[in-house]
Every structure is written in structure tokens, then in C-alpha cells.
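The next block holds one structure in the form of C-alpha cells; read it before the comments.
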């Protein structure tokens, strides 16, 4: 039993060490040549444009539900008109970055793990190396760059849809006027909120990209291994998104406010 | 077009006919407690063929991965084309690999690229002009008889066609050494013969040194005992004369070590029980 625990701890530490090494090597590769521009553009399109619908829908329905729920709660204090403030602050500071990142973990992280995992188990990664191409530069850097840069862009889009949905619900269900809603949206926001809403997704996008690539490249054992890698990528990235958000929030609050 | 690396005239002369092109000196490798290779030493002469035989898991494919630098040995020294590869960084190995081609088990073709893009991959990566790349792709696919499949995706090819495209990809940039990892495993005898013929043609007509890993004895003997000739009667695969047949050497691996090293005839005549059981 003790030996099993020891082995598990060793394996976990090794995994963390390999992940940190990958992040280090990616950082080095991002600032040095060669760059695979075509692959970078393709990944930006696949991750950014490809995730637009899922992220917009998530934002829209979250904003709508948030307005409905908070409207009722605010009624108890006679503060229904503050619904715009609550929706915008919650979405931009917290829900927008986290929910967008969770959607990306499910859609993009799993895709990266499945794609790179299939390449690993069919020797395509080794074939790339044998042909003189560094898989890190060709496969990992474009994916990590795309997820890191596109995550804040997608978060802003999700926030926009959420606040718009909140406005529709406020006007149609809660009887709050349009001008009151938008005035509250603006009044409830500080510059720090906007920075928080942009910095968080950058970090979360980096986590999703690096986890997806690391898990994919480590896949072993045929199609079963690819399946395991895909599941692990989603689970690990989702948990890390929530955990990193928890640790990042107080840090950003101290720095930005 | 940037084919295999340019070398100094002195090194070129030192690596001339009859010189060693791949050297293993007491190479050992273990994965945790599992010893895969133990004190392996052998030399491949330029233009010759080495055929590695052995049961599954005997370390045959590992030898190829060590040559390309995909793995590092725990001890021992490996020389490829006059360069030591066992202690090089990944960046240094990239240069050495320009003179090495490897055909992986199942081909390892890139799923998202067409046959033409797979074959021309390395030349495109090296920045060769598009026109020259596609001309070379046409030439290579013609050589292996797959010109009509140029725009197909790998998923649309049969197992044998995939292996042949993998050979075309490996030879497209004219490397001086080609490594074949189970190139005919799982193929029917007729398709396997086609792949064997490509290996023989590359060795004899393009003067490429070959290392072949297989447990298909039929294919191993065919490659060792046949040669390609190109004369007035066209291109033919014919039984090799004794001198040519001796240019192909067999190495049988067992329990991480070399159990047998010799030519086709010596392997056939061996009374060793393990070899007999393998040959029967």
C-alpha cells in the first residue's frame, strides 16, 4: 500500500516536472525562430473562429439566467434596478473568464489532446523529428499561442453576449428600463474589472493550451491511450482553470484595485 | 534544392566506398529495470545492408530510433555518417537527420496532408522552390509506381501503398542511409515483394545504405539475395551473385544481445537451436 502511494507520488511529480519543462521550452520557442506561420494562422482560426458559437451561446444563456436569478434576489431589497450592475460585474470579473475557459477546455483542450495523442501513438511525432522538424515548434507553439491569445478575445465576446442577454431579460421580465440597465452596467464597472477580465483569460488560455498539448504528446497505448488522454486533458484543464482562477483573483485584486 | 548535407572533401573521401557509415560501439539501453540492448556493437559499410531479426520486443526498432537520435543510449557510442549522435542536442541532431531517412511501422504518414505533401514535406520545410519540390515528388512517386495517387489522402490508401509512400517520403531528399522498421509486416506476399523491390532498387541504383528491421524472414532473404540491375532489358530484380549477397548481413537479437551475426548462407546453414526455431 505504502509502495503504491510512493509510486503514485513519484508519477505525479514526474508529470508536473515534464509539464513545467514543456512550458519552459514553449516559452523559449515563442521568442526564437523558426516560426510556422501557416500552422499558427490555422490554429488561430480553429481555436478562435471555431469556438465563437459555443462561447457566444454560453455567454448569452449565462447572462440571461443571471439576470433572472439576481432580479428576484435584488427585489427583496428593493434594488431591482441594480441588475445591470450585478450582471456586468459578475460576468466581466469572474463568470466570463471562467466559463469561457471551461468551454475552451472542453472543446479545444480535448481536441489538442486527441489530435496530438493520435499522432504520438501512430509514430507521426517521431516521423516529424526524423524529418528534421521540431514537434514543439510545429505543433505545440501554434496551439498554445492561439489558445492564449484567443481566450481573452472570446471572453470579451462571451461578456458582450451575456450583458446583452441580461438587458433583454431586464426589459422583458423584470421591467427595468433600457437606460437604467445600461447606466448600471457602466456604473458597476471599474477599470480594474476590465483588466481582471482580460488578464485572467490569458493565463487560463495558456493553461488549457499547455495541458492539452502535454497530455496529447504523452499519450501511449493505441486508441485507448488517445481516449484516456482526451478525458485527462478535459478533466485536468477544467480543474486547473477553477483552481488557477481562485489563486489569481486575490492576486489581481491586490494589484489592480 | 537542399538535399543531403554537404561535407568536406576529406570527410567525403574518408566515407568513400568500403568505409563504415553507421557504427555502434558497446551500446546499452534500459527502460527502468527492463534491459533492451546490452553491449551492442556492429558496423554498417557504405552501400551495404544490415538486416536485424528477432522476436517482438528484442530491441530491433530501438536500434533504429538510436541511430536517428529519437532515443539516447545509457552507455556506448554511436557514429552516423562520420558524426557522433549519442551525445548531441536535438538541434544538432536535426542537421544529422538530413542524411537519414526512416520508414516507420505502418508508415506514420501525416493524416492531414495529401500523398504529395507527405512526400515533399521535408523539401517544403527546407524552403525549396515549389516547382522543384513537385518535380521531385513526381519523380519519386514514379520510381515507386504510385504517381496516380499523388492527390489522395493517406486514409484512402491500402497498407502496402502507405508503406510505399512512406519509402517515397524517406527517399525524397536523397538521404545516404535509409532505415526500414517492419516495412513489410502485415502485408500480403505480393505487396511485400513490391516493397522489397523498392528497397533493393534504392540500395542498388541509388547507392543508399540500408538497415532493415523485420521478423519477416521471407522478405529479409529476398532483399539479401537479390539485386536490381538496369540494362538494355530495362530495370529488373534478379538473384544476386555471391559477392553482392555478402554485402547484406543478418544480425539476430536475443535478450538484448547479438545472438548471431553473418550472411544469408551462414544463417541458413546454422545449427543453433534458437536460429533453427526462428527459421522453421
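Key figures for this structure:
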quantity: Residue check for residue A:203: surrounded by fewer than 22 Cβ atoms within 10 Å (Cβ to Cβ), in a helix (DSSP H, G or I) and more than 14 Å from chain B (Cβ to nearest Cβ); calculated: yes
quantity: Failed condition for residue A:246, given (1) surrounded by fewer than 18 Cβ atoms within 10 Å (Cβ to Cβ); (2) outside any helix (DSSP H, G or I); calculated: (2)
quantity: Selection within the range B:123-137 - away from every other protein chain (no Cβ under 12 Å) and outside any helix (DSSP H, G or I); calculated: B:128, B:129
quantity: Which listed residue is within 21 Å of residue B:101 (Cα to Cα) and touching a residue at least 60 places away in the same chain (Cβ under 8 Å), from B:261, B:198, B:207; calculated: B:207
quantity: Residues being within 14 Å of chain A (Cβ to nearest Cβ), more than 19 Å from residue B:207 (Cβ to Cβ) and not in a loop (DSSP other than H, G, I, E, B) - total across the range B:64-82; calculated: 4
quantity: Any hit, the range A:53-64, residues being outside any helix (DSSP H, G or I) and more than 14 Å from chain B (Cβ to nearest Cβ); calculated: no
quantity: Any hit, the range B:11-32, residues being assigned to a loop (DSSP other than H, G, I, E, B), free of Cβ contacts under 8 Å to residues at least 40 places away in the same chain, within 14 Å of chain A (Cβ to nearest Cβ) and over 19 Å from residue B:261 (Cα atoms); calculated: yes
quantity: Complete set of residues in the range B:53-71 that are within 22 Å of residue A:133 (Cα to Cα) and either in contact with a helix residue (DSSP H, G or I) (Cβ under 6 Å, 6 or more places away or on another chain) or without any contact (Cβ under 8 Å) to a residue 24 or more places away in the chain (or both); calculated: B:65, B:68, B:69, B:70, B:71
quantity: Qualifying helices (runs of 4 or more DSSP H) (wholly inside the range A:94-180; at least 2 residues being in contact (Cβ under 8 Å) with a residue 40 or more places away in the chain and either in contact with a helix residue (DSSP H, G or I) (Cβ under 6 Å, 6 or more places away or on another chain) or away from every other protein chain (no Cβ under 14 Å) (or both)); calculated: A:96-104, A:110-121, A:141-172
quantity: Residue count, the range B:91-122 (criterion: facing chain A (nearest Cβ under 7 Å), over 18 Å from residue B:138 (Cβ atoms) and part of a helix (DSSP H, G or I)); calculated: 3
quantity: Out of A:71, A:50, sole residue that is within 20 Å of the chain's Cα centre (by Cα) and either within 29 Å of residue A:94 (Cβ to Cβ) or in a helix (DSSP H, G or I) (or both); calculated: A:50
quantity: Selection status of residue A:239, within 20 Å of residue A:22 (Cα to Cα) and at pLDDT 95 or above; calculated: yes
quantity: Checking residue B:166 against (1) within 13 Å of chain A (Cβ to nearest Cβ); (2) over 22 Å from the mean Cα position of the chain (by Cα); (3) touching a residue at least 24 places away in the same chain (Cβ under 8 Å), the condition it does not meet; calculated: (2)
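Let's see how each residue does on (1) closer than 21 Å to residue B:200 by Cβ; (2) touching a residue at least 24 places away in the same chain (Cβ under 8 Å); (3) buried (at least 17 other Cβ atoms within 10 Å of the Cβ):
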position	(1), (2), (3)
B:232	yes, no, no
B:256	no, yes, yes
B:269	no, no, no
B:273	no, no, no
B:279	no, yes, no
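Matching residues to (1) in contact with a helix residue (DSSP H, G or I) (Cβ under 7 Å, 6 or more places away or on another chain); (2) part of a loop (DSSP other than H, G, I, E, B); (3) surrounded by fewer than 17 Cβ atoms within 10 Å (Cβ to Cβ):
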{"site": "B:178", "(1), (2), (3)": "yes, no, no"}
{"site": "B:190", "(1), (2), (3)": "no, no, yes"}
{"site": "B:207", "(1), (2), (3)": "no, yes, yes"}
{"site": "B:212", "(1), (2), (3)": "yes, no, no"}
{"site": "B:219", "(1), (2), (3)": "yes, no, no"}
{"site": "B:224", "(1), (2), (3)": "yes, no, no"}
{"site": "B:252", "(1), (2), (3)": "yes, no, no"}
{"site": "B:276", "(1), (2), (3)": "no, no, yes"}
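The values are calculated or read from the model by the stated rules, or taken from the named source; none is laboratory data. Keep in mind that this is a model prediction, so the values were computed, not measured. Methodologically, a virtual Cβ is constructed for each residue, glycine included, from the backbone with ideal geometry; neighbour enumeration extends over all protein chains shown.
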